[in-house]
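Inspection log for the structure reproduced underneath, given as C-alpha cells.
The values are calculated or read from the model by the stated rules, or taken from the named source; none is laboratory data. All values reported here derive from a predicted model rather than from experimental measurement. With ideal geometry, Cβ positions are generated from the backbone for all residues, glycine too; neighbour counts draw on all protein chains shown. Ligands, DNA and RNA are stripped out before the accessible areas are found, and what is left, the full protein with its side chains, is counted by its heavy atoms. Shrake-Rupley method; radii C 1.70, N 1.55, O 1.52, S 1.80 Å.
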Amino acid sequence: MTSTWLTLLALALEAGGIAALASALPAAPALAGYLFAHALACGLLTLVLLPLLPPRYRGRVLRPALFLFTLQFAIPFIGSLGVFTGVLMALYLPRVERDVPWQKLAIPELPFQPVNMDQQVIYSEGGLRQILREAGSIDKRLKALLATRQMAERDAVELLREALKDPADDVRLLAYSMLEQKEKALASQSRRLQLELESPEVDEEPRLKRRLAQVWWEMAYLGLAQGSLRSYYLTSARRLLQELTDRFSMHNDWRLLGRIELDMGNIIAAKRAFDFAVEKGAPQELILPYLAEVAFLERDFQRVRYFLASLARHRPHPRLRTLIEGWL
C-alpha cells in the first residue's frame, strides 16, 4: 500500500514539474522547480524499486539506490518509466527456457562380460609388460615397445631386454634397435669425454672425469652393459671417483661412489662413502635411502627403521612412501 502511494506521489511530482516547466514563469525559476520536483520523484521511485530487487542487491543499499536514482534523473520521465517497467518485467515475466545442450542419462549397469584387455593400450609398466608377454597382436606389442619412450630409462631398458625374447622378428628387431640407440648415445659420450681427457685443461679435468664416471655408471645402472663389460664400467667409474674424492671431496662424488660400491657388493666401502657424503653437506633425503639399504644388507633392521623414520621427516620421493609405510 505504501508503495502505491509513493508511486502516485512521484507521478504527481513529475507532472507538476513538467507543468511548471511549461508555464509562463521565468526560465530559471521554472527549470529549478522542475529539477527539484524531478529529483524528489526519482528519489520516491527509488524507494519503491529497492525492495523489488534480488536479495544480493538489497544487502548493499547505497550503490543500487545511487544507480537507480542516477539513471532516472538523467532521463526525465521516460527514464523512470523505463527503469520501473524493466524491473517489474524481469521479476514477474517467466524466463524463456533454453535448449539444454546435453542429455541426462542413467548410470549404465556393469557389462555382463569382462572387457577384452588385449584390445586396450595400457601405458603403465605393469600393463606394458603384460602386453609384451600376452598380447597376440604383433602391432600391439610394437606399440608397447614405442610407449617405453615415456618411461624411466631403467624400467624401459628392462622391458626392451625382455622383448628380445619375443617370438616375432619385428618385435625383437625393434627392441634391439631401441637398446642399441640408447647404448650408442652413451658410448658416444664416453668416447668424446675420453678424447677430451687426453689433453685437458687444468680447470676442465675434474669436470670431464666426473662426467665420464657418471656415463659409465649409467651404462651399468641402466642395464645396457652386461657381464664383464658391466664390471669394467663399474670399476673404471669407481677409480675416477676415488681420484676425485681424494682431491676435491665433493658430496656428489661421494654419493655416486657409494652407489657404485653398493652395486658391487662392497658394503663397508659404500657405508663409508655415504657417511662422507653426509659430512660434506649432501641433503639427508638423498643419502638416507642408501643408508637404509646398507643397514638392510647388514641385517640391522633396527637401523633400517631409524633411517626410514628420519627420511619420513624430509619429504621423501613418492616412490619411497610405500616402503616407509611398510617398515614403520
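General remarks:
- Among the residues making up region 239-271, those that are closer than 29 Å to Leu164 by Cβ and more than 37 Å from the chain's Cα centre (by Cα) are Met264, Gly265.
- Considering Met151, Met178, the condition of being out of contact with any Gly (no Cβ under 7 Å at 6 or more places or on another chain), at pLDDT below 85 and open to solvent by 10 Å² or more (accessible area, probe 1.4 Å) is satisfied by Met151 alone.
- Members of region 132-148 found to be open to solvent by 20 Å² or more (accessible area, probe 1.4 Å) and among the hydroxyl-bearing types (Ser, Thr, Tyr), listed by number: Ser137
- Matching residues, region 257-281, being open to solvent by less than 10 Å² (accessible area, probe 1.4 Å) and not in a helix (DSSP H, G or I): none
- Restricting region 202-215 to residues that are free of Cβ contacts under 8 Å to residues at least 40 places away in the same chain, within 10 Å of Leu240 (Cβ to Cβ) and not charged (D, E, K, R), the residue that is surrounded by the fewest Cβ atoms within 10 Å (Cβ to Cβ) is Leu208.
- Every residue from region 158-201 that is more than 27 Å from Thr245 (Cβ to Cβ) and either basic (Lys, Arg) or touching a Phe, Trp or Tyr at 6+ places or on another chain (Cβ under 7 Å) (or both): Arg161, Leu164, Lys165, Arg172, Lys182, Lys184
- Residue in region 87-105 that is of a type in the set (Lys, Arg), touching a helix residue (DSSP H, G or I) at 6+ places or on another chain (Cβ under 6 Å) and either at pLDDT 75 or above or not in a helix (DSSP H, G or I) (or both) present: no
- Of the residues making up region 147-186, those that are assigned to a helix (DSSP H, G or I), of a type in the set (A, V, I, L, M, F, W, C) and in contact with a Leu (Cβ under 8 Å, 6 or more places away or on another chain) number 11.
- When Gln119, Gln113, Gln130 are screened for being more than 15 Å from Arg172 (Cα to Cα) and either in contact with a Gly (Cβ under 6 Å, 6 or more places away or on another chain) or at pLDDT 70 or above (or both), only Gln130 passes.
- Filtered by the rule that a residue be more than 16 Å from Gln214 (Cβ to Cβ) and open to solvent by 60 Å² or more (accessible area, probe 1.4 Å), region 234-256 gives Asp246, Arg247.
- Cross-chain or 6+ apart pairs with Cβ under 8 Å, region 299-320 first and assigned to a helix (DSSP H, G or I) and modelled with pLDDT of 85 or more, then among the charged types (D, E, K, R) and open to solvent by less than 50 Å² (accessible area, probe 1.4 Å): none
- Sub-9 Å Cβ pairs linking a first residue in region 27-50 that is farther than 28 Å from Val61 by Cβ to a second residue that is outside any helix (DSSP H, G or I) and not small (Gly, Ala, Ser), at least 6 apart or interchain, are Gly33/Leu25, ordered by first then second residue.
- If the condition is being in a helix (DSSP H, G or I), surrounded by 20 or more Cβ atoms within 10 Å (Cβ to Cβ) and under 37 Å from the mean Cα position of the chain (by Cα), then region 216-233 contributes Trp216, Trp217, Met219, Ala220, Tyr221.
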